[in-house]
Structures are given as structure tokens and as C-alpha cells.
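Student: One structure, pasted below without further comment.
The values are calculated or read from the model by the stated rules, or taken from the named source; none is laboratory data. All figures in this text were calculated on a predicted structure; none of them were measured in a lab. FYI the Cβ positions are ideal-geometry reconstructions off the backbone, even for glycines, and counts take in every protein chain you see. Surface accessibility is based on the protein's heavy atoms, side chains included, excluding ligands, DNA and RNA. Shrake-Rupley method; radii C 1.70, N 1.55, O 1.52, S 1.80 Å.
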Amino acid sequence: MSDHEQQKSAPRRSKILDALAQAERKVFTRPAPKSAKAQVKFLLTRTKDSAKDLAERLGTSRRTVERYRAGQLRTPQKRLREALVEATESEWQPQVRAQVREQASTSGGMMVHVVAYFGFTASGSSDDGRERHITTPISPTYAARILQLQEAGATEEELHPVVAEAITELYFTEWGSRTDGLRAEITPVQSIEFEF
């Protein structure tokens, strides 16, 4: 099996979804709680003080949640620590996150830096693909589509064509002013970063 076939058959991490979440974390105006006790207390405010609901969300017992709230436990195991960080950051500063998403969708757009293998087709011909390092703005129209798909629970595979189309529009075709009919495919994404 070739390296390219191994990359195709290997399960993909959610690089695009992770990059969108990371971009949102960068716009926080205050740091999210860091200690397990503070994270549990914050998350309990979001679950209306239900230790049972929070325990189900974190994949742990109700008693464990209560011990962290009381400060009896301080250092969670890796799986619980990751669940606490993810849950806390996904709930942290929803108004700031909403304002940034609204601005990106209506007027500001986003920046993307991607390292990926780009292959092309244009008007019946093809160009051999290659790995490229691209930094380009994404228009508010595409930013809105990407963010709507993310909110709707889209998978990585559903986001790939939209991100590829957004990059193609500005970087490769300059808003349709050159290379009419060019289509780019991104496979595989080595790294990707978004910026609001």
C-alpha cells in the first residue's frame, strides 16, 4: 500500500472543526477557568446545578463531580481533564463568540492558513496536484456557510468541499476573474488555522 493510500484509509481527525474551535478560543476577552474545581463550578452553572447532568456530559460519576466541586479532588485523569477543558471552552463567553461569528458572516470574513495537497480540474483538463502552503482571506459568504455547517454538526468530509471552494474563489481564481471553471480539492489537510 502506498503512502497516499495509507493516508486515505487512515481515519481523519477533525482538523477543520478543531481549527474553528481554536479560532473562537483566541477571541475570548477573559481566560477560561483553569482548575478542575473552577471548571466544574462553571459547568454546573450551565447545567442548572445538576451534578447528574454534568457527570453524564463528562462521562464520569455524579460523586466525582461533587468531589471536584467541594475541592476534595484536584487533579483529574487525562480523559476527564480533556473533557473538562473541552466542555468549559465550548460554553465560555457565548456572547463574545456570537458577536465574532456574526461579524465574520456579514462583513469581516475570516483568514485561513492551510497546508494541504491541492488537486485541480478546469474545463476538461487537469493539473497535477501538489502540497501548498496558502494564507488567504475567506469572504463573509463562505465564512457564513462554514460557520452554519459547523453549528449544524457537519462532519469534516462535509466541510472539506466548502473550504476548498472558498480558497479557490479568492486564491486561485481571484473572484472568477481568471481560470474560469477551476475546481480545487483538498486532500489531505496537513494543518489548518482560521482567524476571525
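Student: For segment 48-90, what does the accessible surface come to per residue with a 1.4 Å probe? Please give it in Å².
Tutor: 68 Å²
Student: Length gain on complete extension for the stretch Ala21 to Arg132, per 0.36 nm per residue less the alpha carbon to alpha carbon distance?
Tutor: That pair, Ala21 and Arg132, stretches by 37.6 nm at full extension.
Student: Can you pull out the trypsin sites (Lys or Arg not before Pro) in segment 9-93 whose DSSP state is coil and whose Cβ has at most 16 other Cβ atoms within 10 Å?
Tutor: Of the trypsin sites (Lys or Arg not before Pro), the ones in loops of segment 9-93 whose Cβ has at most 16 other Cβ atoms within 10 Å are Arg12, Arg13, Lys34, Lys48, Arg74.
Student: Enumerate the calculated ³J(HN,Hα) couplings along segment 25-30 in order (Karplus 6.51 cos²θ - 1.76 cosθ + 1.60, θ = phi - 60°), each rounded to whole Hz, writing x wherever the residue is Gly or Pro.
Tutor: After applying 6.51 cos²θ - 1.76 cosθ + 1.60, I find 5, 5, 8, 4, 8, 9 Hz.
Student: Ok, one more. In terms of Cα to Cα distance under 29 Å, which lysines are near enough to Lys48, apart from those fewer than 8 places away along the same chain?
Tutor: Correct list for Lys48: Lys26, Lys34, Lys37, Lys78.
Student: With charges only on Cβ, +1 for K and R and -1 for D and E, what is the dipole size of segment 17-83 about its Cα centre, in debye, rounded to 20?
Tutor: Using only the charged Cβ atoms, the result is roughly 280 debye.
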